[in-house]
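Notes follow once the structure below has been shown.
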Amino acid sequence: MIKRIFYIIFLSCFLSNLNASDLGTTGIIDTPSARFLDDGDLKITFSSQKLANITNITYQVLPWLEGTFRYTVFNPSNPIRGILIPEDGINDRSYGIKVKLADEGKYLPQIAFGIQDIIGTGSLGAEYFVSSKKINNFDLSLGMGWGRLGERAMFANPFGRINESFYERNKELSGGVRGGEARSKTFFSGRNASLFGGLSYEIEKYNLKLNFEYNSDAYNREIELGTIKNADPFSYGIEWNPQDSLKFSLSRQQGNQWGFLVSSKFNTKETLKRKSVLPFYSATETGDRNKMPKNLNRDLWYDRLFYDLDKSGILLLKASVFESSNQVNIEIKNNQYELSADALNQTLILSELHIPRKYKNFNIIINEYGFQSLTLSYKRISNLDESISSRASRLTLLESRQITEPTYETKSLVPYFNFSADLGTKFQFFDPTKPIKSQLHLELKSNVQLWRNWNLYGAYAFNIKNNFDMMRGPNSRLPHVRTDINRYLTEGESGLQYLYLQRNLKLSKEIYSKFYAGILEHMYAGLGAEILYMPFKSRWAISATVNALRKRDYDLSFGLLDYEVITPFISFFYATPFHNIDLGVHAGKYLAKDRGFTIDLRRSFDNGFSVGVFASRTNVSPEMFGEGGYDKGLYFRIPFNSF
């Protein structure tokens, strides 16, 4: 795991080319511009000044949409922050978006609008329209802002002429009574609006930029709370991009403080270096180079193919031969490749080598988690020196097939034991009272294959270092179905992570199922089942899931608590044709016995990276739910196996 973290840091530091404001949004110093990152860029920014220390995670969700998660520690240098009132001492989580409206042309600027604090308390709440135009080495920006960006009060809110309700900006109604709700009632509202803008001048020879801006944020909140006495609208600074990678910035802000920023990013769309197969001598070799075990028949093409595939990280499960149609079906399991296409390509190459030439067609069936997921049909020709494009034209994707009466089959020893040990970590980021909590542990894992499609999974963790605590307990009036997680991570810092039996079963060509029972995860034990209907070559699928669960004891032993729940769910999945975005809608009964739905949007890339957001709504009020008002969040999937 330490090696994996090193790779993340390495990518962040050496695959970067960036431009970020203190608030994470692509901009100048504190004000946004109409510039955007490259599609798929993930950027991490940390800025420090007297007003606040701000950590931002910014992602270019789509070519025209930029999203930012922001964790702000206000008044960080004050030793009594958060203790005395009215001292400013909150730790605030917020989300921002920026949307491109028009690309830059020869004479016209690039135009965008954004919402600086779309969900939450509104401590940084502002909305804006902004334009940017590049002229030689100068990049000029000019915008109009509302909320905090309208505090200089240059003129009346122009939207008030459309509807007088835009003149009212009631902060008490924004973000919900417990925070965490959209601030739509305040968007582009307020008595006044203001202009902001600035420029950047690039000195390409030295990888430097000189920045100057006029900020329409008057920092009224911080002045009222005594963090600063006044705020000048003008700020200036310099930024340095060493080797076109890591960005450092130093600025003089509001006429009374220095600010420092460091920022880095990497592109999640970038094609990662694929793992190569370690060199090995093929089963076709003769003499001492042929390392095939004696229990394999060198004269049998199935055994030779099995050996070469095994050396390539692919398991050959079975094959059927149809002499009348000169066809061979083979079933494989991918044990190494991140992309199934790479496993199929290697299988095609080795099949051409080993399957006798008299068989003109062969079908490759991929087995994933015990399911035959897809079949690739390949038609042979006599020309072995054909081009890749010619070979691709003779590939056809078919509905999944099953080999019911195999001519050849790989006999597996059962039970088959697979054990592993690894360093693992658990993190909690951006808690309002403690930004980072973590645990380092040694995790022992096992996967016992009892029979085909019957598996016993288990894991036990030994604590190494842990700083989780119970200083901030749950404040929800609902049953503590997840908010007791810190109690599990303290009382059960070492313990049984899971131990359950699972069977995967394909009921028909388009219906898949799985059944499981045992200690299912960190906090719950029980049993459940899922049935998935997924039509061939369809963009949609639907599933039904039901679980009967009981809460585990906090020490992660075999003990159980009194809390029980049954959670039935119906889920709908849709793979949209836009930018590899997948939609999931889940409706049913949750762990806290409330009923509602969850919407999940995820964007995935060919290299294995994915990023997503989710939000849930149930029949529980924000007051009863507690802090945040409702469940929501963002997540990333990082393909560590590709590094």
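The values are calculated or read from the model by the stated rules, or taken from the named source; none is laboratory data. Here the structure is a predicted model, which means the values were calculated and not measured. A quick note on method: Cβ atoms are made from the backbone with ideal geometry, for glycine too, and the neighbour counts reach across all protein chains shown. Only protein heavy atoms, including side chains, enter the accessible area calculation; ligands, DNA and RNA are left aside. Shrake-Rupley method; radii C 1.70, N 1.55, O 1.52, S 1.80 Å.
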Residues in segment 310-331 near a label at Ser373, defined as backbone nitrogen under 17 Å from the 7 Å Cα→Cβ point?
313-317, 331
So how much slack lies between Ile436 and Arg274, counting 0.36 nm per residue of separation and subtracting their Cα-Cα distance, in nm?
55.0 nm
Taking a probe of 1.4 angstrom, what is the accessible area of Arg637 in Å², to the nearest 10?
120 Å²
With a Förster radius of 45 Å, plug the Cβ-Cβ distance of Ser282 and Asp562 into 1/(1 + (r/R0)^6) and report the FRET value to the nearest 0.05.
0.15
Roughly what would the spin-label model give for Thr410 and Tyr206, points 7 Å off Cα along C-beta, in nm?
6.2 nm
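Which whole-number percent is the relative contact order of the chain (Cα, under 8 Å, 6+ apart)?
Numbers: 1569 pairs, mean separation 56.0, N = 643.
The value is 9 percent.
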Just the accessible area for Lys465, please: 1.4 Å probe, Å², rounded to the nearest 10?
150 Å²
At a threshold of 8 angstrom on Cα-Cα distance, excluding pairs fewer than six apart, so keeping six or more, what relative contact order does segment 448-600 reach in percent?
16 percent
Using the Cβ atoms and a cut-off under 11 Å, what net charge is assigned to the surroundings of Phe362, where Lys and Arg are +1 and Asp and Glu are -1?
+2
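Compute the signed sum of charges (Lys and Arg +1, Asp and Glu -1) over the other residues within less than 13 Å, Cβ to Cβ, of Ile542. Don't jump to the answer; show the numbers that get you there.
Numbers: positive: Arg539; negative: Glu510, Glu530.
Neighbourhood net charge equals -1.
Ratio of segment 294-384's C-alpha Rg to 2.2 N^0.38 Å, to two decimals? Write out the running numbers ahead of the final one.
Values: Rg = 12.6 Å, N = 91, 2.2 N^0.38 = 12.2 Å.
Working it through for segment 294-384, the quotient is 1.03.
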Within segment 109-252, what is the number of lysine pairs with alpha carbons under 28 Å apart, leaving out pairs fewer than eight places apart on the same chain?
10
Result for segment 405-552: accessible area per residue, probe 1.4 angstrom, in square angstrom, of 56 Å²
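What does the charge count near Asp469 come to, summing +1 for each Lys or Arg and -1 for each Asp or Glu among other residues with Cβ under 9 Å from its Cβ?
Details: positive: Lys434, Lys437, Arg472; negative: none.
Net local charge, Asp469 excluded: +3.
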Descending accessible area (1.4 Å probe), largest on the left, turns Lys269, Lys247 into Lys269, Lys247
What is the ratio of the Cα radius of gyration of segment 452-506 to 2.2 N^0.38 Å, with N the residue count, to two decimals?
1.59
Counting only backbone N atoms under 14 Å from a point 7 Å out along Cα-to-Cβ of Asn453, the residues of segment 486-507 in range are 502-507
Using a 7 Å offset from the Cα along the Cα-to-Cβ direction at both Lys106 and Arg252, what is the distance between the two label points in nm, to one decimal?
4.1 nm
In nanometres, what is the gap between the two model label sites at Val99 and Phe260, each 7 Å from Cα along Cα-to-Cβ?
3.9 nm
Dividing the convex hull volume of the Cα atoms of segment 88-135 by its residue count, what figure in Å³ per residue is obtained?
83 Å³
Got a number for the accessible area of Tyr416? Probe 1.4 Å, square angstrom, nearest 10.
120 Å²
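Which of the GluC sites (Glu not before Pro) found in segment 558-643 are in a DSSP loop and have at most 15 neighbouring Cβ atoms, other than their own, within 10 Å?
Working: sites: Glu564, Glu623, Glu627; in loops: Glu627.
Counting only loop positions with at most 15 other Cβ atoms within 10 Å, the GluC sites (Glu not before Pro) in segment 558-643 are Glu627.
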FRET efficiency for Phe427 and Ile135, using Cβ-Cβ distance with R0 set to 51 Å, rounded to 0.05:
0.70
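Find, to one decimal place in angstroms, the Kirkwood hydrodynamic radius of segment 484-643, where the mean of 1/r is taken over every pair of different Cα atoms and then inverted. Mind showing how you got there, number by number?
Working: mean 1/r = 0.0557 Å⁻¹.
With all distinct Cα pairs of segment 484-643 included, I get 18.0 Å.
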From highest to lowest solvent-accessible area (probe 1.4 Å; ligands, DNA and RNA excluded), Leu261, Leu210, Leu108 read Leu108, Leu210, Leu261
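By how many nm would the segment from Leu353 to Phe155 grow when fully extended, if each residue of separation counts as 0.36 nm and the alpha-carbon distance is taken off? Write down the numbers at each step before the final one.
On the way: separation 198, 0.36 × 198 = 71.28 nm, distance 7.70 nm.
Extra length available between Leu353 and Phe155 comes to 63.6 nm.
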Taking every pair of alpha-carbon atoms in segment 218-325, what share in percent sits in each 5 Å bin, from 0 to the bin with the longest distance?
2, 8, 11, 9, 7, 6, 5, 5, 4, 4, 5, 5, 5, 6, 6, 6, 4, 1, 0
Solvent-accessible surface ranking, highest first, for Lys273, Lys509 at 1.4 angstrom
Lys273, Lys509
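Give the value in nm², to one decimal: projected area of the alpha carbon convex hull of the chain, averaged over all directions. Mind dumping the intermediate values first?
Working: hull surface 138.7 nm².
Spelled out: convex hull of the Cα atoms, projected over all directions, averaged, 34.7 nm².
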Computed for the chain: size of charge dipole around the Cα centre, +1 on C-beta of each Lys and Arg, -1 on C-beta of each Asp and Glu, debye to nearest 20, value 1020 debye
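With contacts defined as alpha carbon pairs under 8 Å and 6 or more residues apart, what's the relative contact order of segment 129-242 in percent?
On the way: 225 pairs, mean separation 31.2, N = 114.
Once divided by the residue count of segment 129-242, the mean separation gives 27 percent.
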